[in-house]
Amino acid sequence: MSQQRMPALQLFIDELRAIWAVDPDMGSRMEKAKPHLARLVECKELQERSVDWPSTEGRKNLLLYVDEEFEFAINAVVRVPGRKGSVHDHAHAWVLYGILCGKESLERWERTDDGSREDYCELRMTSVSTGSPGKVDLVPPFDIHAEQGGAERSVAIILRSTRLGNITQRQFDPVAHTITPGPGPTQIPFELTV
Ligand SMILES: [Fe+2]
């Protein structure tokens, strides 16, 4: 028999399943999920439990849950201090990104070329905001962005409309002007039980 899931995570899953069951629109689902993720990343017990979660350096995600019926996935990322994040998109997936511990800089970028080439881009940063515990950022499909680590270790909880890993995403180099397609982060199963 599998062990009981941590109650705060189980409550979040139940809340998401209730939203997904009645609303077919993915953007609307993610907007409705936002306050629930905000509450989850303010959970002191979860913040305390995350202190010894392993680093996800090397393009990894901890995989906390995948919903078999609705396909959404819940991940965690653990960044080392000063971690430089790549500029990337998540293909067609919607993403809600909530900071659990530490601080990160959340950058938004846009293409200033006409977007017609698959191997060349010109980019400019349109905004950067500081994410700290409780802050949740919604990233729509194909939005170009980066998450940069802060001075200390940081942990984020991520809700994705679908599990990444096997979906081709793009990485953008604003200096070399290159676009590199590739698989998403390696998914490391990570159970949060009582
Ligand atoms: Fe991202």
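The values are calculated or read from the model by the stated rules, or taken from the named source; none is laboratory data. Only a predicted model underlies this, so the values are computations on that prediction, with no experimental measurement involved. Positions of Cβ are generated from backbone atoms using ideal geometry, with glycine treated the same way; all protein chains shown enter the neighbour counts.
In region 133-156, the residues that are touching a residue at least 24 places away in the same chain (Cβ under 8 Å) form Cβ pairs under 6 Å with partners that are of a type in the set (S, T, N, Q) and more than 15 Å from the ligand (Cβ to nearest atom), at six or more places apart or across chains, as follows: Val155/Ser50.
On inspection, Ile99 passes the criterion of being within 16 Å of the ligand (Cβ to nearest atom), among the β-branched types (Val, Ile, Thr) and more than 16 Å from Glu191 (Cβ to Cβ).
With respect to the conditions (1) away from the ligand (no atom under 13 Å from the Cβ); (2) crowded, with 19+ Cβ neighbours inside 10 Å, His177 lacks only one, and its number is (2).
Pull up region 79-88, narrow it to residues that are assigned to a strand (DSSP E or B) and either within 11 Å of the ligand (Cβ to nearest atom) or modelled with pLDDT under 95 (or both), then point me to the one that is nearest to Pro174 (Cα to Cα). Only one residue fits best here, namely Val87. Can you work out which of the residues in region 64-73 that are in a loop (DSSP other than H, G, I, E, B) and under 20 Å from Pro183 (Cβ atoms) is farthest from the ligand (Cβ to nearest atom)? The selected residue is Glu71. Residues considered: Leu164, Leu123. Of these, the only one that is buried (at least 17 other Cβ atoms within 10 Å of the Cβ), within 20 Å of Lys60 (Cα to Cα) and either at pLDDT 95 or above or within 15 Å of the ligand (Cβ to nearest atom) (or both) is Leu164.
Out of Leu106, Leu46, one residue alone is assigned to a strand (DSSP E or B), buried (at least 17 other Cβ atoms within 10 Å of the Cβ) and not β-branched (Val, Ile, Thr). It is Leu106. Only residues that are in a loop (DSSP other than H, G, I, E, B), at pLDDT 95 or above and within 11 Å of His88 (Cα to Cα) were counted in region 167-194, giving 1.
Restricting Ala8, Ala33, Ala91, Ala76 to those that are closer than 30 Å to Ile179 by Cβ and in a helix (DSSP H, G or I) reduces the list to Ala33. One residue is enough: does region 109-118 have a residue meeting the conditions surrounded by fewer than 17 Cβ atoms within 10 Å (Cβ to Cβ) and closer than 22 Å to Phe190 by Cα? No.
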